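Derivation of every value follows stated rules applied to the coordinates shown; laboratory data play no part. Quantities reported herein were computed from a predicted structural model and do not represent experimental measurements. So basically every Cβ, Gly included, is an ideal-geometry build from the backbone, and we count neighbours across all protein chains shown.
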Amino acid sequence: MSRPDLRQALVRLLGPAGPELTCEECFAELDRYVDVELAGEDAGAAVPGMAAHLVGCPACREDHESLRALVGADQPL
Amino acid sequence: MDAESAAWLRDLNAGGATRDAAVARLHALLLRAARFEVGRRRPTLPHLRGDELADIATEAADDALMSVLRRLDDFRGASLFTTWAYKFALLEAAVKLRLRSWQGREVPLEPEAWAVLATATPGPPDDLEQSELLHAIETEVRDSLTAHQREVLVALALNGVPIDVLAGRLGTTRGALYKTLHDARRKLRARLGARDMLPDWLDAERRPT
């Protein structure tokens with residue numbers, strides 16, 4: 001295992017440091033978070049604790065990536 | 001609320017042909033989202049046939065339609081209606097695909113990956129430091145966590161079991177499992193912090209991708 005892999009494994013084990021949303025709160029706020037992100041505004045300030053949760057929860061992170069990609073694809077270039 | 005979102009709500013709350021047409025448009029929107037999710041994950045699902053994937057997308061859109069119609073009163077216009085609706089279809093599709101991809105597979109609850117982690121070759125001084133950290137984590141996982149916390153942490157964080165898959169096997173929810181994972185991580189951090197063993201780089205790398 002390379003050092004970056006080892007570090008990633010440690011990050012997965014120990015999770016984020018700060019306060020974070022729950023999975024339910026994350027789902028409730030996900031649409032607003034993505035729209036704020038895609039508007040180029042400060043999504044972290046709009047939904048505190050979301051960024052930390054997306055670091056700690058791979059499933060919610062995947063849901064966020066998919067929603068951002070889908071909504072982003074809808075927007076005019 | 002923006003005009004387009006308000007129009008969605010107005011039509012979905014109307015009666016007769018107006019509502020029927022709006023529900024059909026909504027289903028098409030959700031099906032597009034579900035197919036988008038299936039398409040994103042398709043490279044990681046080589047064992048699923050095209051018709052199986054199409055069925056999963058359709059089921060996800062059908063289930064998402066029910067969820068959205070049940071929760072219409074929850075939509076307050078904090079986002080676009082389409083963004084709000086999309087998330088239900090993406091979630092349904094993602095969960096179904098995670099469950100399908102683990103169907104028939106054993107969920108590893110034992111720390112199989114410890115061996116890989118623990119034998120990472122020490123080289124430079126910071127690798128040695130990481131080896132010591134790994135040893136400390138292994139000790140704290142064994143001695144400080146409850147059996148349930150240990151099982152959940154090992155499955156999710158070490159063995160890479162998707163949280164929805166583990167929730168299904170253990171008869172619980174994503175939220176309940178994440179709470180257990182969160183509590184286990186906090187306990188480990190507290191124990192390692194008390195031993196002055198949390199590395200400086202740890203929280204500098206925590207950014208979602």
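One table, with the values for the structure above:
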| read-out | value |
| --- | --- |
| Anchor B:K87: lysines whose Cα lies under 24 Å away (excluding residues fewer than 8 positions away in-chain) | B:K96, B:K179 |
| Per residue convex hull volume, Cα atoms of chain A, in Å³ | 114 |
| Spin-label pair A:A45/B:T44, simplified geometry with 7 Å Cα→Cβ offset, distance in nm | 3.3 |
| Peptide-level mean, for B:76-84, of C-beta atoms on other protein chains within 10 Å | 6 |
| Distribution of pairwise C-alpha distances over the protein assembly as shown, 10 Å bins, in % | 6, 25, 31, 22, 11, 4, 1, 0 |
| Point-charge dipole on Cβ atoms (K/R +1, D/E -1) for the protein assembly as shown, about Cα centre, debye to 20 | 420 |
| Two-site FRET efficiency, B:A6 against B:A204, from Cβ-Cβ distance with R₀ of 30 Å, rounded to 0.05 | 0.10 |
| Trypsin sites (Lys or Arg not before Pro) lying in DSSP loop within the stretch B:1-54, provided at most 16 other Cβ fall within 10 Å | B:R49 |
| Dimensions in Å of chain B - Rg and Dmax from alpha carbons | 22.4, 72 |
| B:N13/B:R195 FRET efficiency (R0 45 Å; Cβ-Cβ; nearest 0.05) | 0.15 |
| Dipole of chain A, positive direction: furthest Cα of A:L10, A:G56, A:V34, with charges on the beta-carbon | A:L10 |
| At R0 = 45 Å, FRET efficiency that the Cβ-Cβ distance of B:T58 and B:E129 yields, to 0.05 | 0.30 |
